[in-house]
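Structure first, then comments.
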Amino acid sequence: MSSAVPARIAFAVEAMDPQPGSDVLEIGCGGGVALTLVCERLRRRGRVVGVDRSATQIDRARRHNRDGLDAGLAELRVGEFPGVDLPGSFDLVFAVNVPGFRSDDPVAPKAVASLLRPAGELWVFDEPPPGLALGPVSMRISALLSRCGYAIVDIVERDRTVGVRAAPADVTASSAATAAAATSPR
């Protein structure tokens, strides 16, 4: 792989900060640049699964991630999301510039909810078209995820990339209730 990592990918992985032992899913993994960075952060503990509808991109990702694949840290799947067979559930699911999270169609975000473990997170990263501001992008993503039952946990921006961090609202509410119960006087 070339040494130049696109700024949006470096920012996404840095913002998500996947921890060793995590199970991670990337939707729309393309040539596997983010997968490589995630594998490095997992430090040989956990796994990252990359999904892309393009067999050509998955072949590129295979070449770029040979070490992670050989070590059992990385898996790749060709297929449309949702619909592709995925192994198990995940602590972290993310997508960078994936059309299924740009539209008002709830199919992709709702499918992710069934794949997240308790306390799991969905991160959606996107960039506005040239000449447009980041605000409308984060608002559009946040509105879609909210309509799909997610609580918006954080919104981060760097240069021309915005990231929206979300968790299923029922998990967020129960976590808040548990935290409140633990800190309330008896």
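The values are calculated or read from the model by the stated rules, or taken from the named source; none is laboratory data. What you see is a predicted model, and the numbers here were worked out from it, not measured in a lab. Cβ placement follows ideal geometry from the backbone for every residue including glycine, while neighbour counts extend to all protein chains displayed. Accessible surface areas use protein heavy atoms only, side chains included; no ligands, DNA or RNA. Shrake-Rupley method; radii C 1.70, N 1.55, O 1.52, S 1.80 Å.
Which one of these is out of contact with any Gly (no Cβ under 9 Å at 6 or more places or on another chain) and either farther than 23 Å from residue 18 by Cβ or modelled with pLDDT under 95 (or both): 120, 83, 100, 163?
Matching residue, one of 120, 83, 100, 163: 83.
Go through the residues of segment 91-102 one by one and say whether even a single one is among the β-branched types (Val, Ile, Thr), in a loop (DSSP other than H, G, I, E, B) and either at positive phi or in contact (Cβ under 8 Å) with a residue 24 or more places away in the chain (or both). Yes, some residue in segment 91-102 is among the β-branched types (Val, Ile, Thr), in a loop (DSSP other than H, G, I, E, B) and either at positive phi or in contact (Cβ under 8 Å) with a residue 24 or more places away in the chain (or both).
Taken over segment 125-141, residues that are under 21 Å from residue 24 (Cα atoms) and out of contact with any Gly (no Cβ under 7 Å at 6 or more places or on another chain) amount to 2. Reported count of residues in segment 106-126, each being touching a residue at least 12 places away in the same chain (Cβ under 8 Å) and open to solvent by 60 Å² or more (accessible area, probe 1.4 Å), is 5. Figure legend. Inter-residue proximity from segment 45-69: first residues modelled with pLDDT of 95 or more, second residues among the acidic types (Asp, Glu) and open to solvent by 40 Å² or more (accessible area, probe 1.4 Å), beta-carbon distance below 6 Å, spacing 6+ or different chains. Indicated pairs: 49/75; 53/80. Listed conditions (1) open to solvent by less than 20 Å² (accessible area, probe 1.4 Å); (2) within 14 Å of the chain's Cα centre (by Cα); (3) modelled with pLDDT under 95 are all met by residue 138, apart from (2).
For residues in segment 88-105 being among the polar types (S, T, N, Q) and surrounded by 13 or more Cβ atoms within 10 Å (Cβ to Cβ), which is nearest to residue 120 (Cα to Cα)? Before you say what the answer is, go through the steps one by one.
As a first pass, look at segment 88-105 and keep what is among the polar types (S, T, N, Q): 89, 97, 103.
Retained after the next criterion (residues that are surrounded by 13 or more Cβ atoms within 10 Å (Cβ to Cβ)): 89, 97.
On the way: 89: 9, 97: 21 Å.
Top of the filtered list is 89.
Among the conditions (1) without any contact (Cβ under 8 Å) to a residue 40 or more places away in the chain; (2) open to solvent by 30 Å² or more (accessible area, probe 1.4 Å); (3) over 17 Å from the mean Cα position of the chain (by Cα), the only one that residue 159 does not satisfy is (1). Count of segment 145-156 residues, restricted to those that are surrounded by fewer than 22 Cβ atoms within 10 Å (Cβ to Cβ) and part of a helix (DSSP H, G or I), is 2.
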